[in-house]
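The values are calculated or read from the model by the stated rules, or taken from the named source; none is laboratory data. Bear in mind that the values here come from a model prediction, so they are computed numbers and not experimental data. Here Cβ is always computed from backbone atoms with ideal geometry, including for glycine, and neighbour counts include all displayed protein chains.
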Amino acid sequence: MRQQLVQLLYGVSISSDLDSGNVELAERLILNAVLDGLEIGRAGIWLLNKENTAIECRLLLDRENGKEIQMLVLPRDAYPDYFKALDTQRTITAVDAHTDPATYEFSESYLTPLNIGAMLDAPIRYKGKMIGIFCCEHIGSERHWTEDECSFIGALADLYGRALSAQENERINAELERANQHLEERVVERTRTLEKTLSELTEMQEKLIEAEKMASLGNLVAGIAHEVNTPIGIAVTANSSAKDKLSEVDKLIQSNTLTKAALIESINHLNECFKISFTNLERAAKLISDFKQTAVDQSSLDLLETNIKDYLENILHSLMPLTRSHNVSVNVNCVDDFELITVPGALSQIIMNLVNNSCVHGFVGRQDNQINISVNIDEAQGVYLLCYKDNGHGMDTETLHKVFEPFFTTKRGSGGSGLGMSIVYNLATQALQGEVSAASSPSNGMTVNFKLPIKLA
């Protein structure tokens, strides 16, 4: 049974339907895998509405009767115990759906007419939030769901999240395409209008270049800023818990049953909630501040006097959401109070690209991930040696030889552009007027060495 489930899961994971951007194709693919893997008669995808007041059926395949069902709605107020179970965001394993505390409410209206004896509901999460469930319905008597079956459904729920991400990417790409087309149309229109005067044409070109730069920068900041959702989400959860506790206290007060012990416990709970909320909101504010500074730096190629250690630590702090999500510890070994005259925006982009490359390529499927950055000063030669090293998967000789080539990527079709390391090379050799080299071997991580001038002219 386990082998069959693994094969089905693998087949779904490699299907192009998941990454096509057509979520309807992905839904049918996944639901058919559910029906085949669990050998059940009915399976459906249900999504919570925006108000969280009901759950709506996206698609339900009834193989037992050869039907497809959509647009069913289950309101929260009609099935309070079921929604209470959903709110725990855990898998519901109803061996006997007629008696299970989470599903008994459906017995008369839904389960009995359809001869459903057991149910398995697995939460669907997207961007860290539960958005709905996979509902698996067993026709006949009760059924004991195995751990392998629960894991199988949970993995398919994760793959559905991947399909939703692909759909969103398609939407974003379409919007960008429309924006680019619109921009091109504007360029043509304005060029025709201003081509009589060379100075006016030059001015327009400069404006377009700046607009392009700002658009790219805006996309970067938008892509990083979504990481702020984690501390904000924790704060929201803490505030929600505090609200619930206040409601409990209010009920005790109204019933004149509030004891001193209960009051003390409630105060302690509220203090803890407020502490968690305050800490995480502070963290979110710091992240936003760091992202803003990084964006300001990357928008400019101006020469600035920069404390190398402080600047590296600031960049890495802005990347904490990325490194934390990949279980990465970062160590910086650098002398204190050493000032460079350099282009900080270029240095910032180099470090960000290297860290992202490590997380996306080097640390996949690993734990205990490490990044070490060391800086050694050679004042006699007027250079500093920056060494970036991770302990990831590494790469073979063939891949290493192509690592700085534009558009070379081992993640083609999975979001890799192939420009990250090429940009690192160009920034190091042009903007920073230095040298860069890379060394790696399978299972031995990746090392990138830079030789850069202390003072740029």
> Out of all the residues in segment 379-407, which are touching a helix residue (DSSP H, G or I) at 6+ places or on another chain (Cβ under 9 Å) and under 19 Å from Gln349 (Cβ atoms)?
Replying inline: Tyr384, Leu386, Tyr388, Asp390, Val403, Phe404, Glu405, Pro406, Phe407
>> Would you confirm whether or not segment 155-166 contains a residue that is at pLDDT 90 or above and loosely packed, with under 13 Cβ neighbours inside 10 Å?
In response: no
> Taking segment 33-58, which residues are more than 28 Å from the chain's Cα centre (by Cα) and touching a residue at least 60 places away in the same chain (Cβ under 8 Å)?
Replying inline: Gly37, Leu38, Ile40, Gly41, Arg42
>> So for segment 277-297 (the condition being more than 30 Å from Tyr126 (Cα to Cα), at pLDDT below 80 and in contact with a Pro (Cβ under 9 Å, 6 or more places away or on another chain)), does at least one residue qualify?
In response: yes
> Within segment 98-119, how many residues turn out to be over 30 Å from Thr237 (Cβ atoms) and of a type outside the set (S, T, N, Q)?
Replying inline: 9
> If Glu137 satisfies every condition in (1) in a helix (DSSP H, G or I); (2) closer than 30 Å to Thr88 by Cβ but one, which is the exception?
Replying inline: (1)
> Among the candidates Leu18, Leu8, Leu61, which residue alone is touching a helix residue (DSSP H, G or I) at 6+ places or on another chain (Cβ under 6 Å), surrounded by 15 or more Cβ atoms within 10 Å (Cβ to Cβ) and free of Cβ contacts under 8 Å to residues at least 60 places away in the same chain?
Replying inline: Leu61
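One line per residue, one yes/no per condition, for (1) assigned by TED's automatic domain parsing to the domain that holds Ser325; (2) part of a loop (DSSP other than H, G, I, E, B); (3) farther than 28 Å from Arg324 by Cα:
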residue	(1), (2), (3)
Thr237	no, no, no
Asp244	no, no, yes
Lys251	no, no, yes
Thr257	no, yes, yes
Ile264	no, no, yes
Ile267	no, no, yes
Asn271	no, no, no
Phe274	no, no, no
Ala285	no, no, no
>> Let me spell it out: the conditions are (1) outside the structural domain of Val383 (by TED's automatic domain parsing); (2) at pLDDT 85 or above, and Ile308 meets all of them except one. Which number is the exception?
In response: (1)
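Conditions tested, residue by residue: (1) of a type in the set (Val, Ile, Thr); (2) in contact with a Cys (Cβ under 6 Å, 6 or more places away or on another chain); (3) not in a helix (DSSP H, G or I).
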residue: Ala97; (1), (2), (3): no, no, yes
residue: Ala102; (1), (2), (3): no, no, yes
residue: Glu105; (1), (2), (3): no, no, no
residue: Ser109; (1), (2), (3): no, no, no
residue: Thr112; (1), (2), (3): yes, no, no
residue: Met119; (1), (2), (3): no, no, yes
residue: Met130; (1), (2), (3): no, no, yes
residue: Phe152; (1), (2), (3): no, no, no
residue: Leu164; (1), (2), (3): no, no, no
> Just to be sure, is Ser358 crowded, with 22+ Cβ neighbours inside 10 Å, out of contact with any strand residue (DSSP E or B) (no Cβ under 7 Å at 6 or more places or on another chain) and of a type in the set (Gly, Ala, Ser)?
Replying inline: no
> Residues of segment 1-39 being hydroxyl-bearing (Ser, Thr, Tyr) and in a helix (DSSP H, G or I), which ones?
Replying inline: Tyr10, Ser13
> Which members of segment 40-52 meet the condition of being among the hydrophobic types (A, V, I, L, M, F, W, C) and either out of contact with any Gly (no Cβ under 6 Å at 6 or more places or on another chain) or part of a helix (DSSP H, G or I) (or both)?
Replying inline: Ile40, Ala43, Ile45
>> If Leu86 satisfies all but one of (1) buried (at least 21 other Cβ atoms within 10 Å of the Cβ); (2) touching a strand residue (DSSP E or B) at 6+ places or on another chain (Cβ under 6 Å), what's the number of the condition it fails?
In response: (2)
